[in-house]
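Presented below is the structure to which this report refers.
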Amino acid sequence: MGFLSVIRRWALRDKMPIREISRRTGLSRNTIKKYLREGAVEPKFKTPSRSSKLDPYADRLSAWLLAQTRKPRKERRTVKQMHADLMKLGYEGSYGRVAAFARTWRADRHRAEQTTGRGTYVPLVFQPGEAFQFDWSEDWVNIGCR
């Protein structure tokens, strides 16, 4: 459900005060009033594409992250150590930017690993007599006993 439709439902149907909607959503009261007055469907925020201080080092950091995934867990370098190595190479940005890059890189890689097939196929539809399910449990009930 859209964000604006939730605001409209709270304000128009549930008769919730704008101050309460502001508290729940974290938006200012003026913004909520504007959304209620306008006929807009959803707010569209256009963020300009900006270059980052990390962009020249992104390929190297990706290679380091890929190399770390192949190592045993106890031998891996932390993102803080990678940030320190980038600082030695001339990177002037913050650790938070490197950590955010590592998070998105890991999420993208995890998503790619899930979508690429490994030769495993589990059919969801079976022909009659092709698949069976058995329940080998036993249940005992005493009815009318004291």
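What order do you get for Val6, Val79 when you list them from fewest to most C-beta neighbours inside 10 Å?
Neighbour counts put them in this order, fewest first: Val6, Val79.
Using the crude model of +1 on Lys and Arg Cβ and -1 on Asp and Glu Cβ, and no other charge, please compute the dipole size for the chain relative to its Cα centre, in debye to 20.
Computed charge dipole of the chain: roughly 1200 debye.
For a label point 7 angstrom out from the Cα of Glu75 toward its Cβ, which stretches of the range 84-103 have the backbone nitrogen within less than 17 Å?
none
Can you put Met82, Met16 in order, fewest other beta carbons within 10 Å first?
Result, fewest neighbours first: Met16, Met82.
Provide the convex hull volume over Cα atoms per residue for the range 16-84, in Å³.
Spelled out: Cα convex hull of the range 16-84, divided by residues, is 211 Å³.
For the chain, what is the calculated [θ] at 222 nm in deg cm²/dmol (nearest 500), taking -39500 (n - 2.57) for each run of four or more DSSP H residues and dividing by its residue count? Before the final figure, lay out each step's value.
Numbers: 6 runs with 66 residues, N = 146.
Computed mean residue ellipticity for the chain: -13500 deg cm²/dmol.
Take the range 55-115, drop everything but the C-alpha atoms, weight them equally and run the Debye formula without solvent; then report log10 I(q)/I(0) at 0.14 Å⁻¹ to two decimals.
Taking Cα atoms of the range 55-115 as identical point scatterers yields -0.39.
Which residues make up the longest stretch of the chain clear of GluC sites (Glu not before Pro) that lie in a DSSP loop with no more than 15 other Cβ atoms within 10 Å, not counting the sites?
39-91
May I ask you to list the lysines whose Cα is less than 21 Å away from that of Lys15, ignoring any residue fewer than eight positions away on the same chain?
Partners found: Lys33, Lys34.
Computed from the coordinates by the stated procedures, all read-outs in this text should not be read as laboratory data. Note that the structure is a prediction, hence the values are computed from the model and not measured. Every residue, glycine as well, gets a Cβ built from its backbone with ideal geometry; the counts of neighbours run over all protein chains shown.
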